[in-house]
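Just below is one structure, and these are the notes that go with it.
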Amino acid sequence: MSTVRSILDQKGSNVISVKPEDTLAQALLKLTQHKIGAVLVLDKDGAIKGILSERDIIRNLTGKLEYNTTIPVSDVMTKCVTYVKPHQSLDDCLQIMTTGRFRHLPVVDDGKVIGIVSIGDVVKASMESRDFQIGQLEYYIANTY
C-alpha cells in the first residue's frame, strides 16, 4: 500500500511558504516563481496558520473593481487547514481531497510540516501503484499456469 511518505520520497519535502503578515503581492510572486497553486502560511515557529491558494485569491477578487495586492495574506488565506500524516494511504488522501474539494494538503509529522502534496501528486502515485499491482498479478497468473 502506497502512502503519503512515498510521494514525499519522490518529490522531496520542499515547502514554499509565506508569513501571515506578508502581502498578497509577495505571495503571488512566490506562486508564479515556483509555478505552484498554493503556499502554506506559517508563523515564525513553522506552525501552520493557513493556506493561500489560487481559489482563495479568486474568491477575494470577486465583485471588486480594484484589487489591492498590499493586503496581508492573513486577510485572504483559508484559516482552517486540513492536513495528512506521512503514514496515511493515498486512498485516504484522495478521499480527503475529494470530500473537502482540496487540491493541496500539507503533510505534518510530530507537529511539524514536512511537505505538501497536490492532487496531481496523489493521482500520479495512485496510478503508478495500481499499475505495479496489475503487473504483479499478470506475472503471477502467467507463471502459475
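Only the coordinates and a few stated rules stand behind these numbers; no lab work does. What you see is a predicted model, and the numbers here were worked out from it, not measured in a lab. Cβ: placed from backbone, ideal geometry, glycine included. Neighbour counts: every protein chain shown.
Values computed for the structure shown
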| item | result |
| --- | --- |
| Stretch gain in nm, segment residue 127-residue 10, where the contour uses 0.36 nm per residue and the Cα spacing is subtracted | 40.7 nm |
| FRET efficiency estimate (nearest 0.05) - Cβ-Cβ, residue 85 to residue 54, R0 25 angstrom | 0.50 |
| Assigned charges on the beta-carbon of Lys, Arg, Asp, Glu; the chain dipole about Cα centre (debye) | 280 debye |
| FRET efficiency, residue 141 to residue 35 (Cβ-Cβ, R0 35 Å, nearest 0.05) | 0.25 |
| Computed FRET value (nearest 0.05) for residue 110 with residue 68, which takes r as the C-beta separation and R₀ as 30 Å | 0.20 |
| Helix 119-144 vs. the chain, principal-axis angle (Cα, 0 to 90°, nearest 10) | 0 degrees |
| Top positive-direction residue, dipole computed over the chain with Cβ charges, set 58, 18, 32 | 58 |
| Helix 90-100 axis, angle to the chain major axis (alpha carbon atoms, nearest 10°) | 40 degrees |
| Folded to 0 to 90 degrees: helix 24-34 orientation relative to the chain principal axis, Cα | 30 degrees |
| For the chain, radius of gyration divided by Kirkwood radius, i.e. Rg to Rh on alpha-carbons | 1.10 |
